Amino acid sequence: MVGIVSIVLCWVPILNNIFIFIGIVGLGLGIAGIVITKKKQATRSGFGMAVAGTILSIVAIIGVFATQALYVKAVDTAVNKLSSPSITSAQSGSTDTSSTGSAQESSDSSSDSGIVIHIESLKPAGNDYEGKPTVMLTYTVTNNSDKNFSVMTLSAKAFQNGTSLGDFVIYRDNPEGYDTQSKMQDIQPGATGTVTEAFNLQDETTPVHVEIEDSFDFSGKSQPVTQDFPLQ
């Protein structure tokens, strides 16, 4: 009976993790039954049942491992399909910046597929509504993939003194070039969009480190696009 239950439920996801132990128990009971019935030379009516239970338990255990491998492969395939295109940087190596934070040297990537990010600048953007100093990050996103790309999947972070800067900035009057809706855009294949984001500074002298990555990239193929900006 234990072997029959195990082989029936060994194909059920999650539950089969439990029934592998039941299958092992059934295997042990089946072997014990074979040994006991063989010793009873006079009556061996339970021998066939013990052998059948043992075989069913072995099949159930094999079935669990087979279905586990199948499910893992199916999940990996689904994750890869859901993952966004790979992210690459349009900068080659480290890029020097001017006192305003604009990139002085950069070279476009020759990537034929995926998403190419080019960090354009990090410039002072005045004070927010509380009077705190801010900076505005500007970067472009080129979609070299074969499907639309949502900029909202990108996560841009800025750091000073090793800690992240707040990015929920409210201005009384938005700085020139700052588009609060730019993060909401979708970019079609072959097109390039410009994105602006603002951050509150801890101080106005410490260099700022910027990282941009895809929050929905589960493949592990993409590396964050990074750049350092001196403020003075």
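The values are calculated or read from the model by the stated rules, or taken from the named source; none is laboratory data. Model, not experiment: these values are computed from the prediction. FYI the Cβ positions are ideal-geometry reconstructions off the backbone, even for glycines, and counts take in every protein chain you see.
Kindly check whether there is at least one residue in the range 200-210 that is at pLDDT 95 or above, under 25 Å from the mean Cα position of the chain (by Cα) and either under 27 Å from Ser145 (Cα atoms) or not in a strand (DSSP E or B) (or both).
Yes, there is a match, as at least one residue in the range 200-210 is at pLDDT 95 or above, under 25 Å from the mean Cα position of the chain (by Cα) and either under 27 Å from Ser145 (Cα atoms) or not in a strand (DSSP E or B) (or both).
Among the numbered conditions (1) of a type in the set (Lys, Arg); (2) assigned to a loop (DSSP other than H, G, I, E, B); (3) farther than 15 Å from Gly114 by Cα, tell me where Lys183 comes up short.
Lys183 satisfies every listed condition except (2).
When residues of the range 165-176 are filtered for being over 20 Å from Glu120 (Cβ atoms), of a type outside the set (Phe, Trp, Tyr) and loosely packed, with under 13 Cβ neighbours inside 10 Å, how many remain?
Within the range 165-176, residues that are over 20 Å from Glu120 (Cβ atoms), of a type outside the set (Phe, Trp, Tyr) and loosely packed, with under 13 Cβ neighbours inside 10 Å number 3.
Say we look at the range 177-193 and pick out the residues that are in contact (Cβ under 8 Å) with a residue 24 or more places away in the chain and farther than 15 Å from Val141 by Cα; which of these is surrounded by the most Cβ atoms within 10 Å (Cβ to Cβ)?
Among those residues, the one meeting the criterion is Tyr178.
May I ask you to verify whether Met136 is hydrophobic (A, V, I, L, M, F, W, C), surrounded by fewer than 19 Cβ atoms within 10 Å (Cβ to Cβ) and either modelled with pLDDT of 95 or more or in contact with a Ser or Thr (Cβ under 9 Å, 6 or more places away or on another chain) (or both)?
No; evaluated as a whole, the condition is false for this residue.
Gly162 fails exactly one of the following numbered conditions: (1) at pLDDT 65 or above; (2) at negative phi. What is the number of that condition?
(2)
Determine whether Ala156 is among the aliphatic types (A, V, I, L, M) and either surrounded by fewer than 22 Cβ atoms within 10 Å (Cβ to Cβ) or not in a strand (DSSP E or B) (or both).
Yes; evaluated as a whole, the condition is true for this residue.
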